[in-house]
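Below is one structure, written out as structure tokens; comments come after it.
The values are calculated or read from the model by the stated rules, or taken from the named source; none is laboratory data. Keep in mind it's a predicted model, so treat the numbers as computed, not measured. Every residue, glycine as well, gets a Cβ built from its backbone with ideal geometry; the counts of neighbours run over all protein chains shown. These area figures cover heavy atoms from the full protein model, side chains too; ligands, DNA and RNA do not enter into them. Shrake-Rupley method; radii C 1.70, N 1.55, O 1.52, S 1.80 Å.
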Amino acid sequence: MTNIIASTAPKARQLTEAEIHEIEHEKTHYPYAQAVGLEALKIVQKHQGWVSDESLLAVSEYLDIPPDVLEGVATFFNMIFRRPVGKNVILLCDSVACWMLGCDDLKEHISTQLGIDYGETTADNLFTLIPVPCLGDCDRAPSMMVGRELYRNLTTEKIDQIIAEYKANV
């Protein structure tokens, strides 16, 4: 008697036409298809909100890049999200400069305001809080990014205002 065990391994999903179109456009800027791996992951994330295992496998198959190599690319770059994130990702810098200027206190303030810790997303899916080792803005520390916007010389008051603005734009 043969036992059949169903695989729980993820299977590649189909890339959308829009994703394929954008990946093909990126391929025109690179000497070979495998060099497009990071850009393809960014494209998938732009469309899907994050890069699931199934999406990573789809990019891997499409560009003929081994999944483990693409996973290494995805996990090396902190702007590729491998889990679902909220609508607004808060990247709080915890570099030495930001730490010296109070980022730990600001992190506690954000956590209290939103009810989340690092790596967590608010219940309304509006915010995810992630530490980032450096935003390259040390002369105006402490700093954070929300989406593509950089906020500098942070105080608890500024953070309250920033969060209120994002909540108002729901």
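Per-residue answers, yes or no, for (1) assigned to a helix (DSSP H, G or I); (2) within 30 Å of Thr16 (Cα to Cα):
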position: Gly86; (1), (2): no, yes
position: Lys107; (1), (2): yes, no
position: Thr112; (1), (2): yes, no
position: Gln161; (1), (2): yes, no
position: Tyr166; (1), (2): yes, yes
Practice problem: Considering only residues that are open to solvent by 80 Å² or more (accessible area, probe 1.4 Å) and outside any helix (DSSP H, G or I), look in the stretch 57-77 and name the one that is farthest from Glu22 (Cα to Cα). | Solution: Phe77
Practice problem: Check Cys98 against each of (1) at pLDDT 95 or above; (2) buried (at least 21 other Cβ atoms within 10 Å of the Cβ) and name the one condition it does not meet. | Solution: (1)
Practice problem: Exactly one condition in (1) in contact (Cβ under 8 Å) with a residue 12 or more places away in the chain; (2) closer than 25 Å to Val170 by Cβ; (3) among the charged types (D, E, K, R) is not met by Glu120; state its number. | Solution: (1)
Exercise. Give the stretch 80-101 a look and list any residue that's closer than 16 Å to Met145 by Cα and either free of Cβ contacts under 8 Å to residues at least 24 places away in the same chain or out of contact with any helix residue (DSSP H, G or I) (no Cβ under 8 Å at 6 or more places or on another chain) (or both), or say none.
Key: Val85, Gly86, Lys87, Val89, Leu91, Trp99
Practice problem: Please go through the stretch 43-56 and pick out each residue that is surrounded by 16 or more Cβ atoms within 10 Å (Cβ to Cβ) and either assigned to a helix (DSSP H, G or I) or not β-branched (Val, Ile, Thr) (or both). | Solution: Ile43, Val44, Gln45, Gln48, Ser52, Ser55, Leu56
Quiz item: Of everything in the stretch 88-105 that's aliphatic (A, V, I, L, M) and in a helix (DSSP H, G or I), which residue is farthest from His47 (Cα to Cα)?
Solution: Met100
Quiz item: Just to be sure, is Arg13 over 30 Å from Glu149 (Cβ atoms), in contact with a helix residue (DSSP H, G or I) (Cβ under 7 Å, 6 or more places away or on another chain) and among the charged types (D, E, K, R)?
Solution: yes
Practice problem: Quick one: in the stretch 115-157, of everything that is among the hydrophobic types (A, V, I, L, M, F, W, C) and assigned to a loop (DSSP other than H, G, I, E, B), which residue is surrounded by the fewest Cβ atoms within 10 Å (Cβ to Cβ)? | Solution: Ala123
Quiz item: under 26 Å from Ile43 (Cβ atoms) and in contact with a helix residue (DSSP H, G or I) (Cβ under 9 Å, 6 or more places away or on another chain): does that describe Asn125?
Solution: no
Self-check item: Failed item in (1) under 18 Å from Ile130 (Cβ atoms); (2) open to solvent by less than 70 Å² (accessible area, probe 1.4 Å); (3) at pLDDT 95 or above, with Ile80 passing the rest
Solution: (3)
